[in-house]
1. Could you please put Asp165, Asp319, Asp425 in sequence from largest to smallest accessible area, using a 1.4 Å probe?
2. Carbon and sulfur atoms: what percent of the 1.4 Å accessible area of segment 265-368 do they account for?
3. Find the centroid of the Cα atoms in segment 36-78 and in segment 115-155, then give the distance between the two in whole Å.
4. Rounding to the nearest 10 and keeping the result within 0 to 90°, find how far the Cα-based axis of helix 245-259 lies from the longest principal axis of the chain.
5. Which of Gly475, Ile298, His364 sits farthest toward the positive end of the charge dipole of the chain, with +1 on the Cβ of Lys and Arg and -1 on the Cβ of Asp and Glu?
6. Order the peptides 279-287, 427-435, 336-344 from the highest to the lowest mean number of other Cβ atoms within 10 Å of their residues.
7. Using R₀ = 41 Å, calculate the FRET efficiency as 1/(1 + (r/R₀)^6) where r is the Cβ-Cβ separation of Glu28 and Val180; round to 0.05.
8. Treating only the Cβ atoms of Lys and Arg (+1) and Asp and Glu (-1) as charged, compute the dipole magnitude of the chain about its Cα centre; round to the nearest 20 debye.
Amino acid sequence: MSNNERQGRRQNTHKNTALYDCNKFNPERKSSRLYNEDLAPLQSEQRNWGWFAIFNVWSNDIQSLFGYTLAASLFLSYGLSGWWVMAAIICSGFIVMWMVNLTGKPSVKYGIPFPVLIRASMGINGANLPAILRAIIGIFWYGVQTYFASTAVAILLAIFIGSPDTTFLGLNSTAWIAFVIVWVFQILLFWAGIEPIKHFLNWAGPLVYVVMVVLMAVIWYQSGSELLPAINSIFVSGSDYSGNSIQAFTAIVGTMVAYFAAVVINFGDFSRFLRSERDMRLGNLVGLPINMVFFSFIALVITAGTLVIFGEALTNPSDIVDRVDTLPLTIVAAVTFFAATVGINMVANFIPPAYDLANLFPKHINFRRGGLITAIIAFFVGALWLSFISKIGIVGFVNAVGAIIAPFFGILVIDYYLIKRQHIDMNDLFSDQPTGAYYYYKGWNIRALIAFAIGALFSIATVLIPALTKLEGYGFLLGAALGGVVYWVLMRSYAVDPDTIVE
């Protein structure tokens, strides 16, 4: 082979974005214990998502009640000008965009979800480790977010049926009715399938923006001419942050990146439905850095406005609406906050665990059954949140579990781009035979486990060891980088020769 031919093959291999030809998939793999229809590579006709669907995935994730509260708290915590905090949030949007473009590309090409994709690096059995950890995180937060979504519905119900004082497990009868309504609604939406979920996200995302813009306009009007000058100085005083400005800026960036960590890792659960890589990149561009410009500006104005108007910072949109105290805005805002919270629950906490649980026992648990298991366990988490779970420090435990999933990002990216050279044998992904390419040692890639352990120990140390807590904001990025570097060192001798790849 000539040098020109060899160079051309390398270019074709690395630039190949064509969708996987499902005709190459061996029908005999359907009898494998690793296979079910929900995990199988999608046919091209099943991929009908465009860039707008991905934009709304991010809109619902960013504009949730928790997302807004986190952003607002960042303005108050680091002693920086509001404009610099806004710049840091936008910077994090570019970083997350770059990361999800990396994790989403293989699923666009092959049409497979995250727990199947990571079989290539962790092994066909080893893939269950990230699946279980991701499912634990998703189920827990699914229950918590269901409770928070129910508080918006409870506001609406209280207008019409009142709110009695008698409580059970911290919730009165109105709150319990609201909780059950939200829980059932989410199951019905999930059971309807991916397309209805997409349509719900496409409706909820823009609606949240409209309400947030209206709320910003009301706050701006009431603040008057004092607002914009206050943005330069109003956040600087009152912060007890001891680091310098550069440390504060990078800490904000790291915190916002960590907020998106779970979706970054399992972004393939959504990108598999896209028509092309171009749709993914455009949706991520509009949905992340560009979306962050508008979202962070809204959060900046509203947070500064509450300080000007009320003399205190209100970081919860529900509290702000309550202070504004207009019935029409209260009703519309309650519906919007409900939609936003259900939206992020679907994106971050319902669909991923459903795939993860299906990956554990493909022959017995499909996507819908995985979702039903998720919902049932999460019901008890949400029901006990106010009276019990929120008071025993379990959030710290879940955050620690969340920190240790960081190395999977580095392992997945290094494996796909540098070890596998953007080529995966789809038939071997569904093969449990010792001769399969991803069988490794009894289905486990020991080198990947070592890389995960080293990266995870560092990530969790930033959460649990006081001397390292200043690095907590960077825990995900550093853990992901460490896991990827160690994986590369251990696996580089197994890297595929580009000249041997035949697409």
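The values are calculated or read from the model by the stated rules, or taken from the named source; none is laboratory data. If you're wondering where the values come from, they're calculated on a predicted model, not measured in any experiment. No Cβ is skipped: glycine too gets one built from the backbone with ideal geometry, and neighbour counts run over all protein chains shown. Surface areas here come from the heavy atoms of the whole protein model, side chains and all, with no ligands, DNA or RNA. Shrake-Rupley method; radii C 1.70, N 1.55, O 1.52, S 1.80 Å.
1. Details: Asp165 145, Asp319 80, Asp425 60 Å².
The most accessible residue leads, giving Asp165, Asp319, Asp425.
2. On the way: 1940 of 3200 Å².
The value for segment 265-368 is 61 percent carbon and sulfur by accessible area.
3. Here the two parts' Cα centres lie 14 Å apart.
4. It is inclined by approximately 70 degrees.
5. His364
6. 336-344, 279-287, 427-435
7. Numbers: r = 45 Å, r/R0 = 1.11.
Approximately 0.35, to the nearest 0.05.
8. Details: 29 positive and 27 negative charges, 268 e Å.
Roughly 1280 debye, rounded to the nearest 20.
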